[in-house]
1. So how much slack lies between residue 108 and residue 122, counting 0.36 nm per residue of separation and subtracting their Cα-Cα distance, in nm?
2. Quick one: in the range 33-158, what % of C-alpha pairs are over 22 Å apart?
3. Most exposed first by the Cβ proxy, i.e. fewest other Cβ within 10 Å, how do 72, 130 rank?
4. Count charges around residue 101 for me, please; just the other residues with Cβ under 9 Å from its Cβ, Lys/Arg as +1, Asp/Glu as -1.
5. Label residue 89 and residue 153 with points 7 Å out from Cα along Cα→Cβ: what is the distance between them in nm?
6. Quick one: of 31/108; 35/100; 35/59; 36/100; 36/109; 59/128, which pairs are farther than 19 Å apart, Cα to Cα?
7. Mean separation of Cα pairs under 8 Å and 6+ residues apart, divided by the residue count of the range 33-158: what relative contact order is that in percent?
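Where a number appears in this text, it was derived from the coordinates with a stated rule and is not lab data. Given the structure is predicted, the values throughout are model-derived calculations rather than measurements. All Cβ positions, glycine included, derive from the backbone under ideal geometry; neighbour counts span all protein chains shown.
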Amino acid sequence: MKKKLFYASGIILCSLFSNSLLAQVTDVTGKGGIKKAQFVPDKTEEDIDKLFDNNKNTKYCYGFSSNLWVQYQLPEPAIVNQYALSSANDVPERDPRNWKLLGSVDGKKWVKLDNQAKERFDERMQTKIYSFENTTPYTYYRLQITANNGDQATQLSEWRLFYEKK
């Protein structure tokens, strides 16, 4: 069963669909992995590193595509079953609307772990957390954005990957 979780004031709040109100959550993006983007922005202040810097005031923004991917390679495989996306500071039309989260052992063959469509961020720098079932440790995780809200550019403030121990 998919669970949607929402982030508020540094605390993860479980929705009514959750089986447990207490969970130990580990952020695996803080373990020194390799960040990669399908497209490199013209502005270095909006490069892929900003997507993982734990600062909602920075962002990854690529100005010429609403269909792109960003990727995180872990130093060692981990079972990810949650991820968080934060909208950026401006232009809601640049926010991702449709995407897939993919996992890979080798960076070549990908498995779909989660799929979201018609998503909206109601506020700037809003964080949404998504939960899904997964028992396989992957080294590579890729966020494949297939559409945004209509702008030529696509942007995100933060992308975090989590392991939830129940």
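1. Values: separation 14, 0.36 × 14 = 5.04 nm, distance 3.49 nm.
Full-extension gain reported as 1.6 nm.
2. Numbers: 2316 of 7875 pairs.
In whole percent, the share of Cα-Cα pairs in the range 33-158 beyond 22 Å is 29.
3. Sorted ascending by nearby Cβ count, the order is 130, 72.
4. Values: positive: 100, 112, 142; negative: 114.
Here the charged neighbours net out to +2.
5. Result for the modelled spin labels: 1.2 nm.
6. Values: 31/108 22 Å; 35/100 17 Å; 35/59 14 Å; 36/100 16 Å; 36/109 17 Å; 59/128 16 Å.
Flagged as over cut-off: 31/108.
7. Details: 325 pairs, mean separation 48.4, N = 126.
About 38 percent, as a whole number.
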